[in-house]
1. Can you figure out the FRET efficiency of D:GLU21 with C:ASP62, using R₀ = 22 Å and their beta-carbon distance, to the nearest 0.05?
2. In region B:133-151, what residues drop by 20 Å² or more in accessible surface going from the chain by itself to the full protein assembly, probe 1.4 Å?
3. Once the Cβ-Cβ distance between C:SER81 and C:GLU122 is put in as r, and R0 is 22 Å, what FRET efficiency do you end up with, to the nearest 0.05?
4. Under the 0.36 nm per residue contour assumption, what length would be gained going from the current alpha-carbon distance of D:ASP309 and D:GLN236 to full extension?
5. Would you pull out the residues with amide H under 5 Å of A:LYS91's amide H, same chain only if 5 or more places away, H placed 1.01 Å from N?
6. Could you give, in nm with one decimal, how far C:LEU127 is from each other copy of that position, shortest first, with labels 7 Å out from Cα toward Cβ?
7. If you average the sequence gap of Cα pairs under 8 Å that are 6 or more apart and divide by the length of region C:1-106, what percent do you get for the contact order?
8. Specify the inter-centroid distance of region A:45-62 and region C:298-318, based on alpha-carbon positions, in whole Å.
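The values are calculated or read from the model by the stated rules, or taken from the named source; none is laboratory data. Remember, predicted model here, so these are calculated numbers, not experimental data. Cβ: placed from backbone, ideal geometry, glycine included. Neighbour counts: every protein chain shown. Just the protein is used for accessible areas: all its heavy atoms, side chains included, with ligands, DNA and RNA removed. Shrake-Rupley method; radii C 1.70, N 1.55, O 1.52, S 1.80 Å.
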Number of protein chains: 4
Amino acid sequence: MNNKKHIVAIGRAAIDLNANEINRPMEETSTFTKYVGGSPANIMIGTAKLGLDVGMIANVSDDQHGRFITNYFEKVGVDTSQINVDEDGHKIGLTFTEIKSPKESSILMYREEVADLYIAPEQVDELYIKNSEYLLISGTALSKSPSREAVLKALLIAKKHDVKIIFELDYRPYSWKNEEETSIYYELVANQSDVVIGTRDEFDMVEHYKSKTDQEISALLFEEQPNLVVIKHGVQGSHAFDKEGNTFEGKAFKANVVKTFGAGDSYAAAFIYALVKGKTVEEALKYGAASAAIVVSSHSSSEAMPTVDKIEQLIKEQS
Amino acid sequence: MNNKKHIVAIGRAAIDLNANEINRPMEETSTFTKYVGGSPANIMIGTAKLGLDVGMIANVSDDQHGRFITNYFEKVGVDTSQINVDEDGHKIGLTFTEIKSPKESSILMYREEVADLYIAPEQVDELYIKNSEYLLISGTALSKSPSREAVLKALLIAKKHDVKIIFELDYRPYSWKNEEETSIYYELVANQSDVVIGTRDEFDMVEHYKSKTDQEISALLFEEQPNLVVIKHGVQGSHAFDKEGNTFEGKAFKANVVKTFGAGDSYAAAFIYALVKGKTVEEALKYGAASAAIVVSSHSSSEAMPTVDKIEQLIKEQS
Amino acid sequence: MNNKKHIVAIGRAAIDLNANEINRPMEETSTFTKYVGGSPANIMIGTAKLGLDVGMIANVSDDQHGRFITNYFEKVGVDTSQINVDEDGHKIGLTFTEIKSPKESSILMYREEVADLYIAPEQVDELYIKNSEYLLISGTALSKSPSREAVLKALLIAKKHDVKIIFELDYRPYSWKNEEETSIYYELVANQSDVVIGTRDEFDMVEHYKSKTDQEISALLFEEQPNLVVIKHGVQGSHAFDKEGNTFEGKAFKANVVKTFGAGDSYAAAFIYALVKGKTVEEALKYGAASAAIVVSSHSSSEAMPTVDKIEQLIKEQS
Amino acid sequence: MNNKKHIVAIGRAAIDLNANEINRPMEETSTFTKYVGGSPANIMIGTAKLGLDVGMIANVSDDQHGRFITNYFEKVGVDTSQINVDEDGHKIGLTFTEIKSPKESSILMYREEVADLYIAPEQVDELYIKNSEYLLISGTALSKSPSREAVLKALLIAKKHDVKIIFELDYRPYSWKNEEETSIYYELVANQSDVVIGTRDEFDMVEHYKSKTDQEISALLFEEQPNLVVIKHGVQGSHAFDKEGNTFEGKAFKANVVKTFGAGDSYAAAFIYALVKGKTVEEALKYGAASAAIVVSSHSSSEAMPTVDKIEQLIKEQS
């Protein structure tokens, strides 16, 4: 046996400021609670809570918010040896969340010149990636230089050392210059990844996938490197395809929804956990759906990430 | 009698997020309370609470934070007819405040591409300024284009219509490119203002004032437009000088200090109130000091702005 | 008597590349001749050729073009002690000129990140300006930071030491962000200058002058610092006004026009020469017009700057 | 037979301004002759003069320089249907060349905000690339967005339609942010190209190739898409490697050198011509070397591109 990490992620770690007063517009709220946020950070927190050996390659601010994030990672067991403290004054991204009603929530982002998009290629260590089974790439980290080049370097290293690449599309409109740019980098990276996960809306960002069925998109990807494609359709569940030609249907679990954000990250965390543990794609889809159902029922995205017991219990209840 | 406003200010309106858990570093806090902030906004809120007829020329974000600010102005009686809602996605500046101890507090600013520095010259209305007795210019609004040009336009209009200009130096290092730039614009605007108010540290930002005494700085300014100069020395009190050659000593009032920020704005609000009401410089210095003492004893900068009664009561108590 | 310089200018020094093949569009030309260009550089070259003791405060590239300019200044007697060699790779501005016909010529500018707009306040030496009778400010140097601040610093120094300021509006649309910005800085600097020279089109860039007559514009300026205003109307001649209420008419001289560019700079050079030499405004207008007539009859703007003899001969011929 | 183009290039078209007075520093020259320049433009001009059916995907300025380039392409037979005229005022890049001696020449570049780096993905037409046998990618076009994304889009299209990709490294230090960035994009694109051509210095820009022999670099590339690698060593000749394990030595031809620039482009043009015409790698190396010898003996890079006859005659003479 080796002592490789199960998975390391490259991308953003941010802060969520969730309005405490819910079911009203944010201009009428007066207090906020602070949590770690950002898709790849949430996924690593989720997988760490599920017991995997994980790490984060990220750039954080040299201030109280940056230290809060690093402290939290350490508390839940995400390796922070590759967390770089920004020396140029870039700040942590912020997401203020407003819960107007269980169905209507919105976010207010602070993403100007944020630290996570200033992770530089020289911060990406060849040995660290080589010593992991999986590399998780978050699509948002491709949206701007130098983060974009840091991700491309990580990808070249992973391919060189046969580290499997999971590409979580994680599309956020505010960081990209235009959709044409998104389309190009998403296609370029998807073609060279092993597993591609995203919502149907996210796949539609790629020009060539737009008017295609889920099946056709998978077929295009299977001509290149990928061997597993997961396309999510929210409450309608999700479709997974493998290179051998199998199609898998995943159903969403029932939940007492407080807010919908955090669903994708908790889904990805549990899905990845199941993959790493050698479970079938069918089982992995259940783990993902159960985990998502648990997180949407709570106030935060990171803090609420469930344990394996909780997930397996919910699977039992709803099977 | 005319129906002119007493004073209108041009500059930033921002949001303070004050950590609720005090006497600890911010990375260990978990909740924040939201207040309106930003020096000229605080001063206008302060003067409105003191009963003056005031207005704000400002640019706010088209989101929940922007609306929160405008709503608050309306609630306390600051005219919002010249509040422009930014159409290019610029966000409200944020200040997270940390109170480590009554003597040690610090702030964490979000000031990248903020709405207040995007107020443009075309948003400055000649008639609005013409119909005011005073124009308050906040130095920070000079730190970047196009806000800088909006302020210079306001200044040219004020001079043309004999509206008296109060220049509050309000120096914040994070917005300026370098100190040479600050020095040039501060000297240029100070030379053309009627009243100049600042801390001694702020006056030292101007190259030509650096090695001079308070008296000498005033003398230089009295060769130009100014006729009243106030130089503040924190707990040591403040010095005021007028063109006729008088010097006035202002003493700081005793206070049960929670945090020091907000002191300057509350001082300015009450000092301006006294000036407008025709009180002597000596009285104005007392109003300023009393108001500052009240605000540093509380958790917020804007919400805590006192009424005239409270100020006059404290003056009575400590005289 | 002191050994003060007659005049020093602050602003751009550039390169003109004049197509040798004339009377055709530039896409059909194949060779170019290189000259020093840029309004304030041309004016200093012109005044040096007329025998004045002059100097240039400028920033040039650290390359062959920069050295060509400095060498040429030295050759014609413009002091180069305040020419700074740019250390950040900024290039000299270029102007390709095309002469389609005597009446139709056009220019193609290279002005992106040019050295002249990177002259910084720290390059402006107080003593150098103090030791000059006049400071010439070129309006284009106000169009961008840090050149803008360098000019404002020079202006504050000149006013402090009673050095007379000549403001040559020299408006070029390609450098400014928008017309509102131009209007503000032009008004601000014109108000604080002693002599203001420009074409009627250039005066119209200032919002407050737009719908006014030449007489009314002068009246507005005479409420502030200026005591001499020259408004040029091309071949229709020019109007000069002084604070005492005199109006002077200047006529254009007949010329065998090769191209029209260079006219304004040669006009300014000879007008300034006459002023410095204590001639009347009426005479100065003649010197300006004669000098312009000579330059428009030749291929270059700088190389063609005339001697006093040539100007006085033409004045004799056409009087 | 189909009617496909032999090759289309994506990248810069620029202007060379070659000093007419040679064997002296440029500050002492006074006239310049204008030529079309820019590596991919030169290569397309070269291949067109050799009789191939070629086209250029490029962005040119909306001015006399842009029209001069398009006119010249049309004159020599480069298809201009994919030449976009820039609508945002970006200018054509300029290269002033100085010939101090046959061995010592230097260039002075104007590359700020140049039109060629503003070619956008939406200007890349799928059908146009599909209808070509080869796509030539110039490395400099990868140095900045949006040109970088336009190239990556062209690459994705070429791979989709089995159009062979020739990657000419064409490294120019002035356009890239840093060497780490160059290394990443060069490796990414080289891995997905069919033919990779560059000088040894250019290959050394890629981190992973730096300390390797020519043979080892080729071996790394042959694990990916490439099947032909040409590494040039100036006057020492060049090495070519193919996927079958063959190594070819190319010798430089004797020449009466006027200046060295233009050598690489003329080499590439003739080498590509030979490849397209089905000649052996050994022959192609001779064509390249002969073409380079002819161009370095003349004053320009584009205008001097030889015909097939001239190349074959020189090969005969020097074999």
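1. Result of the calculation: an efficiency of 0.50.
2. At a threshold of 20 Å² (probe 1.4 Å), the residues of region B:133-151 that become less exposed are B:SER145, B:GLU149.
3. Here the calculated transfer efficiency is 0.90.
4. So the chain would gain 23.8 nm between D:ASP309 and D:GLN236.
5. A:ALA115
6. 5.6, 5.7, 7.2
7. On the way: 212 pairs, mean separation 37.0, N = 106.
Across region C:1-106, relative contact order equals 35 percent.
8. Between the Cα centre of region A:45-62 and that of region C:298-318, the gap is 77 Å.
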